[in-house]
Structures are given as structure tokens and as C-alpha cells.
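See below for the structure under consideration.
The values are calculated or read from the model by the stated rules, or taken from the named source; none is laboratory data. Given the structure is predicted, the values throughout are model-derived calculations rather than measurements. Neighbour counts run over all protein chains shown; Cβ positions are idealised from the backbone, glycine included.
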Amino acid sequence: MSKSNQVLEEITSKEYEHGWTVNLETDEAPKGLNEDIVRFISAKKNEPEWLLEWRLKAFRQWQKMVEPKWPNVTYPAINYQDIIYYSAPKQKVKPNSLSEVDPELIKTFEKLGISLTEQKRLTGVAVDAVIDSISVATTFKEKLSELGVIFCSFSEAVKEHPELIKKYLGSVVPMNDNYFAALNSAVFSDGSFCYIPKGVRCPMELSTYFRINAANTGQFERTLIVADEGSYVSYLEGCTAPMRDENQLHAAVVELYTMKGAEIKYSTVQNWYPGDKNGKGGIYNFVTKRGLCAGDHSKISWTQVETGSAITWKYPSCVLKGDYSVGEFYSVAVTNNYQQADTGTKMIHIGKNTRSRIVSKGISAGKSQNSYRGQVHVMKRATNARNHSQCDSLLMGDQCGAHTFPYIDVENNSARIEHEATTSKIGEDQIFYCLQRGIDEESAVALIVNGYAKEVLNQLPMEFAVEAQKLLALTLEGSVG
Amino acid sequence: MSTSIARDLTTEIIEAQPTFNVGTELRNEAWTQFKKLGLPGTKHEEYRFTPVTRHLEKKFNLSKSNPDSNLSSVADYLIPDLDANVVVLVNGRFNALLSKVVSLESEITITTLSEALLNNTVARAHFNKYVTNESDAFAVWNSAAWQEGVFIHVPENTSVNKPVFILQLNDASTEQVVTQTRILGVLEKGATVSVIEKSDSIGNEVVFHNFAEEWVIKEEAHLEYCKIQNDAGKICQVSNSVIHQTTSSKLNTFTLTLNGQLIRNNLHILIDGENCESHFYGLYLLNGNTLADNHTVVDHKKPNSFSNEMYKGVMDGNSKGVFNGKIFVRPHAQKTNAFQSNRNIIISDNATVNTKPQLEIWADDVKCSHGCTSGQLDEEALFYLRSRGISETNAKAMLLYAFAAEVLQPIQNETLKSYLDQLIADRLQKNF
Amino acid sequence: MNYRTMLSIKNLQAKIGEKQILNGIDLKVNAGEVHAIMGPNGSGKSTLASVLSGREEYEVSGGEVDFLGKDLLELSPEDRAREGIFMAFQYPVEIPGVSTINFMKTALNQIREYRGQQALDAVSFLQLMKEKMKLVEIDQSLLNRSLNEGFSGGEKKRNEIFQMAMLEPKLAILDETDSGLDIDALRIVANGVNKLRNKNNATIVVTHYQRLLDYIVPDYVHVLYKGKIVKSGTKELALELEAKGYDWIKSEVTVA
């Protein structure tokens, strides 16, 4: 019960609270991108030859591709030669235990409220911490390995579990899937890997925490989660970045793979630096997230709370290949000031009796533009497919925009597809009602917005739900009155 | 590559352009723009599902002129018992013998567009102002190459008590027909008129009909508009309709698509005044290989207006239904209420539907919603009817009819309404 | 000023847009009293309630309002609430996704903070809530639901009285609380109000009908007409109005 109250108490005059930087010694690649840089990254990570070849192939494909122009966002052209593609906090040797990790790093994460020391851990959450491009620590590894759960950094997985990486890397998001996925495939530096063996219900939430620290650096991490038959895992992803005047590029890829009867629940609270009040700086967040329900009766559920980034381009999707598989997408996207978000999902129904559900809640304030873009595609053999989509927009002020672009393509006559969308604002009478009960205006707005987004927030694990509620309130600060 | 084909075809069209006596200057501007735009290939976002360009490329010789028609009666194509002003265009030419204006000259002006552009100041003031060079490539092509058209003008505070029936016939009994026709209608302040636009084709050769129209509804004026697309032949039609509404005006449109090979309707409504009310309804009942694509745009530019859109489709055979609806609420168009709904039923295994309802809102104090569905008939309702002794076939037909006929609701002219009702009933029962 | 005086309204005038609605209201409410404000439709009853609670659509064009020694008109709506004014709305709004419990906890703790009191912890809050629920005969399932969303007319009004019980205001203003209620709901609502009455608080009941006053017995009855209090008396005045109708007042005013 004290949850909401905490939220309200924390609404003070704070702006972006993770905007600090730390002076970590880093190991960087020179600016720019070419085959040598790709080789440099691969060599830095002591990668096997096949992975280098894979990267180079992706890079060559990327060179032939063009940046997508269809999203409803505008930004100055990105100079891909002006970005540092590899930056790692300098570590003399790979740490074997937390005591060997640079104390500055541990402090960095403690500042973020993420403790890497297991004694002070978040209850029941295992964390993989990624700073700039490199995974710095993974907690609870031993405990998880007793159950056969593999949870480690991507680089480690390449070394320890090459057969799994070889099999599943690119199996859901092909290297040439789109411009940013191809870029990521060429230069990804690290990320998290997770494998849940047959029949195992992962006993704790697995979490990756991303942090961009270095300047002029792009972050290109890659997450791969494989859930074997009948297994279950809930996965959390959080992210922050310092306040910097220049825009920074983040182009991640997340691949989820579920086999027969398996379920993955993937939650994101995205809080990259959104830029300042005048739209200066901020992260360009161009992310490809896709899940493949490969097996029958499998399920993938995406939940996202998007409050950060100057530009968001992101469509966590589900390919429902297995019969009776289920895809879900729950999203709250808040934009304020000059932020632009073009986000939504794709539900591709391939198998029979597949079901999908979309709940999207957009909130636009300030001078921001917030777009929902989603596709529901029922393929010819997807008999009895069902989809229900609800896309709501809330506008605060008359300087912002809310856009809804749903694509519904049905090739099977037994499908039942329903899409609804509404647009509304916070009613003056709702605010007055709160005021009359002694609640101040900022809190009233926070209360109403959290109520509006509740259906999505309810999908988040407890620890994240609190953080998400606070973020919503903070993001919208000063947007009313 | 479809884009290169499109470019070739565009050049071919431009090179084969005929000369016209009327509106040369505007036509030349349009040709320049058309060259720039080019015909949309299948990669074009707005024509993803509707390969008009490819169809033209495959089936038509665009440098050929149209054959003459020796049609002596249009009785088969009229709406029975409808007492109306009748304007007939055959193969892109005005046919005075088959046309008949019954309303008083003081009530309404109905002339050919080419005549109006020579001597009517109202026509000259409004022509080509709404179908602009920023429009769809087909509309721009029409601006350049329209062969003939109709001008309709209703003076201030006048209610025209007989509807205007515009019949566009394409007689392709001997060879292909390519027509480019155009309507300009201007309703002055407080004017009221009802317009029915129907296209039919004759014969078995291919027809391409590129049609564009502009309607101006001034203050407190009221337009009732009905479009009937029930061509028996192999028609490919692209229809661009732009309707401009000013303060306190009213608009009802109804678009019925039953037949044809490839039908594309672009309906663009500009709500450029306060307190306007617009209802637009559409129904596509498709079978065979028909592809019907309705693109609608409602652009709320001013506050305090209301728009309501409902399009429904029933797809049978190998047909394809495409719907794309945009609602724009511009900054400061506060207190706008805009609603949109698109409902589809797919009957056969090979029919498909692609729908994309879109909202783009830049004002906060508005009520906007859209909903779309695709599905089958309600099993519960079907069972209910069958349990009362109605055969499954009849029960389905009844439910489909009920689903479809809802969109006829706003039509005011009883003769027209019962005619449309019969068309729908025939279509839906024939199939079951 | 009398130490028992809670609310003192002097020559209050208010308008909405260009339309003058209140034309000089004088009213004094002491602790422990119940005042009924009656009047025909359009007489300004609800406007008076709105002006006292601080709705911004109304512009106060003259007069003063003193509430426990403070200039009420200077205070923001939330500060009025924190000072102890509670308005039971005629049309309580719906707030999707926000439960009554969460809403009340937020309100109560902000009010406590204003008064320099500690926030209630979860246990004490729950305890308080249970106690008040019983008092106004409201079910917890209703309080877990989104605020007023999908509530019946009776449920909404009962929820208003529950909130009043939770916040323990010094001055409660019930704006047409009887509208849309059947007789059972009316009785439950009135019982709640009566149980909350004590010598330290006061109530203003705004109503069109005498019916509610059978249950909430007023000490004083004022008749509002064309934005002025044209007649004041005791509860018998309400009965007289019931018998003779408002036309009687109208003709009397016209004669005068």
C-alpha cells in the first residue's frame, strides 16, 4: 500500500536523476566503422572465427541497407563514422568474483540502486550489469546453475556455450532483418544470455541493467533468451544514461525463443536520457526485439514502460508459429518536452489457434510526438486466430501529438480481430475532485496517469512497478498547469 | 521492379498526352507535377495492396483514343422511379440526348465542366483548388487529362428538391476504354442538394476510369452524396473525391461497391469550419476477384466539429477488401469529436482483408476513437435463428444483410434507399 | 467574532462568464449546526457550494468568506480541503484505474502532512478504513474498484460519505446528495451523515427537496432565490416549502 505514497513523495523538483557520469578508465575503439573495427571488437573479445565471419557478413549487408524513413520521427542525419563502437571499462583481468571488480563500478551501480553484492541484493532478482558495452558482473550465477539455468554475459556464453549461441543467434532476428539489427549484428559488444532447461521454472527474476557512461559511444548489446520445453522465466531490463549534450545511439537486439509449452515474460523499464527541456541531447533508441513462439502452447509476453530516450523506435514482436501459442504486448509510452516515440508491436499469427493481446497506453505532453504502430497479421493457415488490441492515447496540452497506426492484415476467414483506440485528456473535473480532497495538482496528475496506465503497470514485477510509477510521475512533471 | 515499370508508364502517358482547348495552363502545371510524382508502384505505402499501375501496364494501351458508342438508351442503368435530374457521360463525353435537367434554372446550374470553365466565374474560382497538385498521382493525372466533366452550382439558401443523378457509362463492347472525368460542385451558403453518382460499364473489354471530383460546401449548406459502383464489366476505377466543408455545413456520404475488377476510392474530407457535421458510410460487398480499396481522410482543421465514419465489408470468393482511414485533428481543433469504425466479415477461404485505421491528433481536448474488426458471423446469433427453425443458409443471409444494411440508415431519399436495399439484399442472398 | 463561528459569508457575489449568479449572500454557520440551503432550480445553490470549494470557473465578484479565521477565498481548493472543508459532489467523477482506497490514502496523508502530522502507516490506515466502512455501511469490494467507475448513483453517493468519514472535515457541504437516490440509499447516506455529526463540526445541506431533511434534520433552513437568501427559518420552513412549493416564495419576493 505504501507504494503509491512513496511515488508521490518522490515527486519533487527533480529532473533526470541518473544524469551523472563517473570517471571510469575505459578501453575504447577509435571512432568510426569499417571491417577493421569489426575485427577489433571480435579480437578484443577473443571470439571464435565463425562469430567474426558472422559479424563481417552482417556488416557487409548493413553497408547495402538504408536507414528506415517510415517512422513518424525526425532527427538530423546520424554520422555513423562519428561514433565509438567499442568502449569497455578498463579491467586488468576478467574478474572471477565481485571482490575483483573495480570498486568504482560497484559504486556506479549502487548509485543506480542496483547492488551487485549479493548480500544487499534485490530480493529474488539476479542481475547482469552492463556498462557501456561490457557486462561487468552477474549475480547469483551459482544458485541458478544448480537448476541448470544459464545466465551470463553474452561474451561468456560464446566461450562456454558456443553450441547454444551458434544455434540460436540470429534465429529470431536475422542479421539482415533491418538496418539497426544489421548494425548491431556487426558490432554488438556484449549483453546477456539466458537458457532455461526443460521443465524448469526459474525461481527468481533475471535482470539486465544497462548503463551508457562514456561519451560519443554507441551501445549495441544483444540479449538472447532460450526457454526449453515447459520452462518459464521472467526477465527484467532497465537502463539509464548520463546527461550529455550530444545524441547517443543505442541499437540493441533482443531475441526470445520459446519451445513447446515454455513461457518468457520480458519486462522493460526504459529510462535512457531523454534530452533536456529544449530537446538537446538524449539517446536515440533504435531497438529490435522479437520473440519466436516456436513450440506449441508456448507464450511470450512483452511489457514495456518507455519514459526515456530522445527518439524511440521499437516494436517488440511475437511470431506465433506454434499452434495454440500466445503473444502479449503491454506498453506505456510517455513522451514529454521534445521526445519522439514510434513504438508498438507486431503479432504474426502463423500457427493454428494462436492468440494475441495488445494493450498500449500512450501519454504525450509538452511538445512531444507519440506514435503507436502495430501490425496484426493472420497468415493463411492460422485457423482460429484471435487478437484483441486496445490502444489509448492521453494528451496533456495542445502542443503535443498522438498518432495511432495499426495495420491489420487477415488472410484467414476464421480469424477474429478486434482493434479499438481512443484519445482523451485528463479531465478538469477529475483534477478538481482530487484537489477538493486535499491532493495537490502534481499528485493528482500522477494519480490519474498511473490509473490510466494501470492495466500495463500491473503486468510488471513488484520492484519494477514501483520504479515505473515514479518514472511516469517524474517524466510528466511540469506538464500541467 | 515495379517502380521502374511505373516510371515507364508515366513517361508513356506524358508522351501520348492529347491537346485540349480548355484550361491549358492548369493542365500544363498538372503534367509537370504528374511527371514528378509518377504512378505509384506496389512499393508505394498507399498502394501496397492495390496494383493499379501494374494493371494499367499489363492491360492497357494508353495512347489509344476511345471508341464511339452508339448507345441509344440508358434505361437499364437508371434508378427505377427516381425522379431526378439526369446527367449522362458516355466514354468520357457528355451525352445531351440521354441527359435531362428537370429542376428550375433558378434552383441549380448543371452544365458541362468545359463550358463552365469558359464562362462561369464560380466554376473558375473553385476548379482545381481542392484536388491540388499535392494530391494522389491519379488525381493529378486527372487534372491534366480530364476529358469532360460536370459542373453543379446551387445558389444561396436554395434547396434543390430533385436529386442530381450522374451516370458515367463506359461502353467497352468493341475495344478498351480509358476515361478521365471530373465533377465540380459548389453549394453556396444555406444550399441543399442530393447527388447520386453511378458508374456502369458495358461489354467485355477492359475499362480504366480515372475520376476526380471537388465539392465545396459553404456555410450552413448541406450535401447528400451517394456513390454506386456496380459495374458489370472489367473496370478498373480510381476515384478521388475531395470535399471541403465550411462553418456549420453538413455532409452525408455513402459509397457502395459491389463489382468491378480493381476499385480504388480516395475520399478526402476537409473540415475547415466550426460546427460542421459529417457522416460518411461505406459498404463493400465483394466476390469473384474484385479488389476494392477505400482510403478515407478526415481532416479536422477547426474546432467544434463532429465526424462519424462507418465502413463495412463482406468478402467472398477470391476478393480482397482494403480499408485505410485517417483522422487528423490539427492543433487548435479543440472539442473535435471524431469517430471511425471499420467492420469486416470474410466468408470464403480465399478472401482477405487489410485494414489500417489511423488517428493523428495534435489537440488535447478532443474525443476521438476508432475501432475495427475482422471476423465471421456471430455464432450465437446464428444459433438463435436456427433454433427458431430458419435454415442455416437463410440465417446467414439474414445476419449478413442486417450487418450490411445498417450503413443505409442515413440515406434520406426513400426511392434511393429502397433501390440500394434491394441491391444489397440481392447480392447477399444470391450467395447463399 | 464568536469563537463558535465556523463559516461567515458576507455579501458574497459570484458570476460565471458574464452571468451574475450570486447576488450577495450572507450566512453564518456555527460549530455543531446543520444548515439547509433550499431553492428552485437555477437559484444558485450549487454555485454557492462550488464557490466555497474553490471551483475556478466561478469568479467571485464581491464579498468575503471567513473560515475559522482564514480568508477562504484566498486559499487554493486543496488548501481549503486541508483546512477542513469537504464537498460531497452532486456528480462524483470517475477516475479509471485509481481505487478509492489508494485515492483516500493519498488524500489523507497529504492533508496530514499539511497539518504537520505523520503519515499513517498501512496498518493504521487499514484500521481507520475498516471502522469508517462500518459507519457508512459500504463494502470493501466497492473501495477496491476504480474510483466511481461503473458505480450506481447510490454507490457513488455512499462513497462520497465514506470519504467524508475518512477525512473528518470541520465543514461538510452536501451538494444535492439526495438526487438520484432511492429511499433505502437515501436512508443509508443520511444515517452516515448523522453519525458523523458532532458539536465540533458543521454541515451545509444543499437540496431541492424537503425529503432529505426528514433524515438529516437541519437547525436552520435558508431559501435561495435569484442568488440571494430570501427567507431563513427553522426546519418548519422546509415543510412549509414542501406544502406550498417554490412559487410561494417567488410571489412573496416579487411582492416585497
* Of all residues in the stretch B:396-418, count the ones that are more than 30 Å from A:H377 (Cα to Cα) and among the aliphatic types (A, V, I, L, M). => 3
* Could you please let me know if C:E176 is in contact (Cβ under 8 Å) with a residue 24 or more places away in the chain and within 14 Å of chain A (Cβ to nearest Cβ)? => no
* Any idea which of A:G308, A:G351, A:G344, A:G322 is in a loop (DSSP other than H, G, I, E, B), touching a residue at least 60 places away in the same chain (Cβ under 8 Å) and more than 16 Å from A:A468 (Cα to Cα)? -> A:G322
* If A:Y452 satisfies every condition in (1) within 14 Å of chain C (Cβ to nearest Cβ); (2) touching a residue at least 40 places away in the same chain (Cβ under 8 Å); (3) under 30 Å from B:V314 (Cβ atoms) but one, which is the exception? -> (3)
* Considering every residue within the stretch A:392-407, establish whether at least one is in contact with a Lys or Arg (Cβ under 9 Å, 6 or more places away or on another chain), under 30 Å from C:M164 (Cβ atoms), of a type outside the set (F, W, Y) and without any contact (Cβ under 8 Å) to a residue 40 or more places away in the chain. => no
* Structure fact -> Taking the stretch C:1-41 and keeping only residues that are surrounded by 16 or more Cβ atoms within 10 Å (Cβ to Cβ) and not in a strand (DSSP E or B), one is left with C:A31, C:E33, C:G39, C:P40
* Structure fact -> Just one listed residue, out of C:L68, C:L7, is on the phi > 0 side of the Ramachandran plot and away from chain A (no Cβ under 14 Å), and it is C:L68
* Within the stretch B:340-354, which residues are without any contact (Cβ under 8 Å) to a residue 40 or more places away in the chain and part of a strand (DSSP E or B)? -> B:S341, B:N342, B:N344, B:I346, B:T352
* Hits in the stretch C:15-49 - residues which are touching a residue at least 60 places away in the same chain (Cβ under 8 Å) and small (G, A, S) -> C:G24, C:A31, C:G32, C:A36, C:G39, C:S43, C:G44, C:S46, C:A49
* Scan of the stretch A:325-339 for residues that are of a type outside the set (S, T, Y), buried (at least 24 other Cβ atoms within 10 Å of the Cβ) and assigned to a strand (DSSP E or B), ordered by number -> A:G327, A:F329, A:V332, A:A333, A:V334
* To do: Of the conditions (1) in contact with a strand residue (DSSP E or B) (Cβ under 6 Å, 6 or more places away or on another chain); (2) within 17 Å of B:Q33 (Cα to Cα); (3) without any contact (Cβ under 8 Å) to a residue 40 or more places away in the chain; (4) not small (G, A, S), B:F138 clears all except one; give me its number.
  => (3)
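Scan the stretch B:138-155 and tell me whether some residue there is on the phi > 0 side of the Ramachandran plot, touching a Lys or Arg at 6+ places or on another chain (Cβ under 9 Å) and not aromatic (F, W, Y).
We begin by selecting, within the stretch B:138-155, every residue on the phi > 0 side of the Ramachandran plot; these are none.
No: the stretch B:138-155 contains no residue that is on the phi > 0 side of the Ramachandran plot, touching a Lys or Arg at 6+ places or on another chain (Cβ under 9 Å) and not aromatic (F, W, Y).
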* Could you say whether any residue in the stretch A:400-418 is of a type in the set (S, T, Y), more than 14 Å from chain C (Cβ to nearest Cβ) and surrounded by fewer than 24 Cβ atoms within 10 Å (Cβ to Cβ)? -> yes
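Residues being more than 7 Å from chain A (Cβ to nearest Cβ) and not acidic (D, E): count how many of those fall in the stretch C:77-88.
Filtering the stretch C:77-88 down to residues more than 7 Å from chain A (Cβ to nearest Cβ) leaves C:79-80, C:83-86, C:88.
Those left that are additionally not acidic (D, E): C:80, C:84-86, C:88.
Matching residues across the stretch C:77-88 total 5.
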* Only residues that are more than 13 Å from chain A (Cβ to nearest Cβ), closer than 28 Å to C:L224 by Cβ and either touching a Gly at 6+ places or on another chain (Cβ under 6 Å) or surrounded by 20 or more Cβ atoms within 10 Å (Cβ to Cβ) (or both): list them for the stretch C:137-164, please. => C:G153, C:K157, C:R158, C:I161
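Residue-wise test of (1) at pLDDT 95 or above; (2) crowded, with 21+ Cβ neighbours inside 10 Å; (3) more than 7 Å from chain A (Cβ to nearest Cβ).
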{"site": "B:V322", "(1), (2), (3)": "yes, yes, yes"}
{"site": "B:A333", "(1), (2), (3)": "no, yes, yes"}
{"site": "B:N337", "(1), (2), (3)": "no, no, yes"}
{"site": "B:Q358", "(1), (2), (3)": "no, yes, no"}
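Pick out, from the stretch A:154-229, the helices (runs of 4 or more DSSP H) lying fully within it that include 2 or more residues that are surrounded by fewer than 21 Cβ atoms within 10 Å (Cβ to Cβ).
On the way: elements: A:154-160, A:162-168, A:179-187.
In the stretch A:154-229, the matching helices (runs of 4 or more DSSP H) lie at A:154-160, A:162-168.
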* Structure fact -> When every residue in the stretch B:360-396 that is part of a helix (DSSP H, G or I) and buried (at least 21 other Cβ atoms within 10 Å of the Cβ) is compared, the one nearest to the other protein chains (Cβ to nearest Cβ) is B:K396
* To do: Looking at (1) in a helix (DSSP H, G or I); (2) under 26 Å from C:L75 (Cβ atoms); (3) facing chain C (nearest Cβ under 8 Å), find the lone condition where A:I439 falls short.
  => (1)
* Asked: So is C:L212 farther than 23 Å from C:L52 by Cα and buried (at least 19 other Cβ atoms within 10 Å of the Cβ) or not?
  -> no
* To do: Please determine, by comparing only the residues of the stretch B:100-134 that are in contact with a helix residue (DSSP H, G or I) (Cβ under 8 Å, 6 or more places away or on another chain) and part of a loop (DSSP other than H, G, I, E, B), which one is surrounded by the fewest Cβ atoms within 10 Å (Cβ to Cβ).
  => B:N133
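Within the stretch B:160-214, take every residue that is of a type in the set (G, A, S), farther than 22 Å from B:H268 by Cβ and at pLDDT below 95 and give me the one that is surrounded by the fewest Cβ atoms within 10 Å (Cβ to Cβ).
B:S173
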* To do: Name the one entry in B:A30, B:A16, B:A75 that is outside the structural domain of B:V195 (by TED's automatic domain parsing), surrounded by fewer than 16 Cβ atoms within 10 Å (Cβ to Cβ) and either touching a Ser or Thr at 6+ places or on another chain (Cβ under 8 Å) or under 25 Å from B:E197 (Cα atoms) (or both).
  => B:A16
* B:N240 passes all but one of (1) within 13 Å of B:V297 (Cα to Cα); (2) surrounded by fewer than 24 Cβ atoms within 10 Å (Cβ to Cβ); which number fails? -> (2)
* Structure fact -> Expected output for the stretch A:270-296 (first residue within 29 Å of A:I348 (Cα to Cα) and part of a loop (DSSP other than H, G, I, E, B), partner modelled with pLDDT of 95 or more and among the aromatic types (F, W, Y), Cβ below 7 Å, 6+ apart or cross-chain) is A:A294/A:Y257; A:D296/A:Y324
* Segments classed as strands (runs of 3 or more DSSP E), wholly inside the stretch C:42-107, with at least 1 members that are under 19 Å from the mean Cα position of the chain (by Cα) -> C:59-67, C:85-88
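Tell me, please, whether a residue that is β-branched (V, I, T) and not in a loop (DSSP other than H, G, I, E, B) can be found in the stretch A:371-394. Walk me through how you get there before you give the answer.
At the first step, the residues of the stretch A:371-394 found to be β-branched (V, I, T) are A:376, A:378, A:383.
Now narrow it down to the ones that are not in a loop (DSSP other than H, G, I, E, B): A:376, A:378.
There is at least one residue in the stretch A:371-394 that is β-branched (V, I, T) and not in a loop (DSSP other than H, G, I, E, B).
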* Asked: Hey, among the residues in the stretch C:93-107 that are within 18 Å of C:G154 (Cα to Cα) and buried (at least 20 other Cβ atoms within 10 Å of the Cβ), which one's farthest from the other protein chains (Cβ to nearest Cβ)?
  -> C:T100
